[in-house]
Protein chains: 2
Amino acid sequence: MQYNFAKLYCTHLPYTSAGKRMEQDTRTATVMEAVKRKIASRLLQPGEKLPSIRGFAATMRVSPSTVVTAYDRLAAEGIIYARRGSGFYVADAARPFSVADVGPQLDREIDPFWVSRQSLDAGPDVLKPGCGWLPADWMPSEAMQRGLRALARTGGGHLFDYGETRGALNLRHLLARQFSEEGLEVNPGQVLLTPSGTQAIDLICRFFLRPGDTVLVDDPCYFNFQALLKAHRVEVAGVSFTRSGPDTELFEEALTRHKPKLYITNSGLHNPTGATISPQVAHKVLNLVTAHGLVVIEDDIFGSFAPEPLPSLAVLDGLECVIRIGSFSKTLSASVRCGYITARTDWIEALVDLQVATNFGGPGPVASDLVYGVLSDGSYRKHMEALRVRLAKKRREVADRLERLGITPWLSPRGGFYLWCSLPDGRDAATIARSALRRNVVLAPGNVFSVSQTMTGFLRFNVSQMGARQVYDVLESAMKPAGG
Amino acid sequence: MQYNFAKLYCTHLPYTSAGKRMEQDTRTATVMEAVKRKIASRLLQPGEKLPSIRGFAATMRVSPSTVVTAYDRLAAEGIIYARRGSGFYVADAARPFSVADVGPQLDREIDPFWVSRQSLDAGPDVLKPGCGWLPADWMPSEAMQRGLRALARTGGGHLFDYGETRGALNLRHLLARQFSEEGLEVNPGQVLLTPSGTQAIDLICRFFLRPGDTVLVDDPCYFNFQALLKAHRVEVAGVSFTRSGPDTELFEEALTRHKPKLYITNSGLHNPTGATISPQVAHKVLNLVTAHGLVVIEDDIFGSFAPEPLPSLAVLDGLECVIRIGSFSKTLSASVRCGYITARTDWIEALVDLQVATNFGGPGPVASDLVYGVLSDGSYRKHMEALRVRLAKKRREVADRLERLGITPWLSPRGGFYLWCSLPDGRDAATIARSALRRNVVLAPGNVFSVSQTMTGFLRFNVSQMGARQVYDVLESAMKPAGG
């Protein structure tokens, strides 16, 4: 089960001459893969020169001839090209449709995919204070291992069947009970399990949006909302997010001017700011939403990180025009993928059809069983209690260390792992992020979160990923003015 | 881990008066859920009368007052409504957008969702010769259980992290090697893992299609292609599928007339017919496709069921304009969901972005580790060998039994679990399917597979789900002419 490639290849390749050739092919493929990964993660940009043959051979611990073969094949594939006497360069591949090509023009180098691909595809030697998840060793290992062993014992249909179209009933019951504790009365039939929180939003977008519609998001907001909405070919309008939620005057103005079909938000522990909507703002926003007849997606993915239930548009509204979505990727596992939607019954019915059409159902029983197991045996509650205490301490520690570098948290969040921070003296976050990346530190620069592209002076930090001194050293050095 | 609700509620509900009230709520919820499921699965249609209070109370083993409460709440939710002195009826819920409302008008009762929802949401007492998967006890239990235990031992990031944007490299390497054995040379960077085969197709459709485009499918074809394409709001054109692939004359005519952007097909062991494209037809189709500049999605989900590699458009084309997709849902597990796309590098790069935008990546490491484990340790090969032998025998047996009822297989497939059969004397498959459903047997009537709605005389049978004598009894009785 480990990614031990040496072992993997030995098992499959007997040491014959054919085996040697295949081994050579494998080495070549590994080098090609490494180059493609650098390109995919923007470490190598279109037009940029590739590492020298000799240098890259040393890095990859292969012979220079392997690198030559790899570069030649990459050139044959059109991914790179050779300039006579100069070396190899990254090609600008022609694409029939790229999400990054659609919608408002953002900074193409630091676009909404920048943080996702950097952090998802980063090797183990890369530090990721810009990423959006907790380190694996903060997660409930024992509970998950117990769940896997229990599944192995259970066997049968759980391991092999698609499961119900709405997802496992026991998990839907449990979620409905949790919502009811918040004052949101729903029946399990109003809960639809999805393979992820992102897919939950995607499904709802498919249901309500047509190309050319406008969607309102917070500015700043989670960068992937923008990427997702581009895939739907809709216009995105932003509304300033204050320390107590969206600016209600600008919100009303945006509803009048843009007539959005949807508003997508994190009301509680907003990403990236960590702010939470106040009850007064929630009430006003809901009145405006009702008056203008739009639908709200409340992404409650960080709700469990708060020590107490937070103000919620979905609860206030009773699911008339607000849809709540969430997932367990942040609190339990992003590997066992499971999200949910809770909404009006008639909408859920139609979303079930859409999910069958586009994914032949939701998460399989293996995923929902694992989630249900951890949620129902008390280990989730204990895990979350410990996590809240640990994160509160980390938020204070990291805020102190950042402030010593002149980086100032915008507010002190009531929970979660993000600190949204302003940089000193007009420093540019994108420049700092590029510089840090060269030293194996992935940061999240403000503008990837901003529709208006006005957050150049901000960085979002994940306090759980900032134990290493190197993070602060790299930050300090990256913040030095050029030539300074 | 078992769906033992009695136990579940006991754990959570101490037997106090509050507990009693909650238990009562739970019973009510269970009754409501049962009704909703009947509605979702079309067992109860809009306008149809609900079971009597007393009768349903007996069925559900609850008190009549629980059923009254449940019906009242369902009425409050607008799902059913009361007619004074007459009882309760299923409401026709208003929906802002229903996939079933878009695209060519099909028979609304027997639409492409009919089989999916019937078979996915069927209880254990329902027989499913119309469904599209193998029974759980035909699947490699030991290998999967070994995989789960190995994952529990490994722990760490595999259990908690998102994984790479393309999916696990070891599984992509393994798939690339398998393709190469077929003569399709791809590198692992050209393989993108997806959460399912359906999502693989969905992602490609998002990449290439715009609302209003036309897509060509086989007639008949897998019913969910139609449901999926409706969600993309495109026109669907069908081309007659012969025993050796699509009719090439009609294919050319369709390309000229409809100018489709995409053609989606199963070349090998086609669903529902079980036919396989001949090398000659494959060659002709590929020439036409190249001449007209469209893209082909070859869904190879049934390829592994054939005893030898089948003719393939993707292999013949070398992935110039053909994209291959597949999954392990049919051969290994539909609960551990994992599919793949292999295509040109530039397309894959853009599809990676799209999958990040719409699902924040592909299947998590838990899913890909489980699949990789079974695929790499030899147990998959053994499982498939045994499965092919078992299915060949079943196909013969079931064909014999069906022929005794006057139901005739259209051809004898080279592998897989489907038999596409014609009914005697102009019998209508939809009528038979409705009648069988009342006796807890889910069938797959021809027209759910047909764009032209000309397959009224066909049923698709899954030979692995036809061991019970009841299937044949119900079939025989359902085929009797009315009053006969």
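Among bridges DSSP assigns within chain B, what percent are antiparallel (round to 5)? Roughly 55 percent of the DSSP beta bridges within chain B come out antiparallel.
Neighbouring Cβ atoms from other chains, within 10 Å of the Cβ of residues in A:197-206, number 3 on average.
Excluding same-chain neighbours fewer than eight residues apart, the aspartates and glutamates reachable from B:Lys261 by a Cα-Cα span under 12 Å are B:Asp213, B:Glu235.
For helix B:365-376, report the angle its Cα long axis makes with the longest principal axis of the Cα atoms of chain B; keep it between 0 and 90° and round to the nearest 10°. Orientation of helix B:365-376: about 60 degrees from the principal axis. Using a ≥ b ≥ c from the Cα gyration tensor of the stretch B:141-378 (square roots of the eigenvalues), is it rounded, prolate or oblate, where a/c under 1.5 gives rounded and otherwise the larger of a/b and b/c decides, a/b for prolate? Because a/c hits 1.5 or more and a/b exceeds b/c, the stretch B:141-378 counts as prolate.
With +1 on each Lys and Arg Cβ and -1 on each Asp and Glu Cβ, how big is the dipole of the stretch A:399-481 about its Cα centre, in debye rounded to the nearest 20?
Taking the Cα centre of the stretch A:399-481 as origin, the dipole is about 180 debye.
Our helix-only sum for the protein assembly as shown, with -39,500 (n - 2.57) per DSSP H run of n ≥ 4 divided by its residues, gives a mean residue ellipticity at 222 nm of -14000 deg cm²/dmol.
Put in line by how crowded their Cβ is, counting other Cβ atoms within 10 Å and starting with the fewest, B:Phe88, B:Phe208 read B:Phe208, B:Phe88. Loop-located trypsin sites (Lys or Arg not before Pro) in the stretch B:109-185 (DSSP state not H, G, I, E or B) with no more than 12 neighbouring Cβ atoms inside 10 Å do not occur.
Here the spin labels are modelled as points 7 Å beyond Cα on the Cα-Cβ line, and at B:Ser278 and B:Arg439 they lie 4.0 nm apart. B:Arg257 label point (Cα plus 7 Å toward Cβ) to equivalent points in the other copies: 5.0 nm, shortest first. Here each label is just a point 7 Å from Cα along the line to Cβ, and for A:Lys49 and A:Gln24 those points are 2.9 nm apart. Counting beta carbons within 10 Å around each of B:Thr28, B:Thr69, B:Thr59, A:Thr198 and listing the fewest first gives the order B:Thr59, B:Thr69, B:Thr28, A:Thr198.
With angles folded into 0 to 90 degrees, how steeply does helix B:279-292 sit against the dominant principal axis of chain B? Use alpha carbons for both and round to 10. On a 0 to 90 degree scale, this one is about 90. In this structure, the pairs whose alpha-carbon distance is over 23 Å, taken from B:Lys49/B:Lys480; B:Lys230/B:Lys259; A:Lys230/A:Lys284; A:Lys284/B:Lys36; A:Lys36/B:Lys330, are B:Lys49/B:Lys480; A:Lys230/A:Lys284; A:Lys284/B:Lys36; A:Lys36/B:Lys330.
With contacts taken as Cα pairs under 8 Å and at least 6 residues apart, chain B reaches a relative contact order of 18 percent. Label-point spacing at A:Leu405 relative to the other copies reads 7.1 nm, in ascending order, each point sitting 7 Å out from Cα along Cα→Cβ. Taking the charge dipole of the protein assembly as shown about its Cα centre, with +1 at Lys and Arg Cβ atoms and -1 at Asp and Glu Cβ atoms, the residue from B:Pro220, A:Val296, A:Ser333 reaching farthest to the positive side is A:Ser333.
Only Lys, Arg, Asp and Glu carry charge here, each on its Cβ (+1 for the first two, -1 for the last two); on that basis chain B has a dipole of about 1900 debye about its Cα centre. Judged by the ratio a/c of the largest to the smallest principal axis of the C-alpha gyration tensor, the protein assembly as shown counts as oblate, that ratio being 1.5 or greater while a/b is no larger than b/c. Distances, shortest first, from the label point of A:Asp72 to those at the same position in the other copies read 8.2 nm; the point lies 7 Å along Cα to C-beta.
Where a number appears in this text, it was derived from the coordinates with a stated rule and is not lab data. Note that the structure is a prediction, hence the values are computed from the model and not measured. Neighbour counts are summed over all protein chains in view; Cβ atoms, including those assigned to glycine, are modelled from backbone coordinates with ideal geometry.
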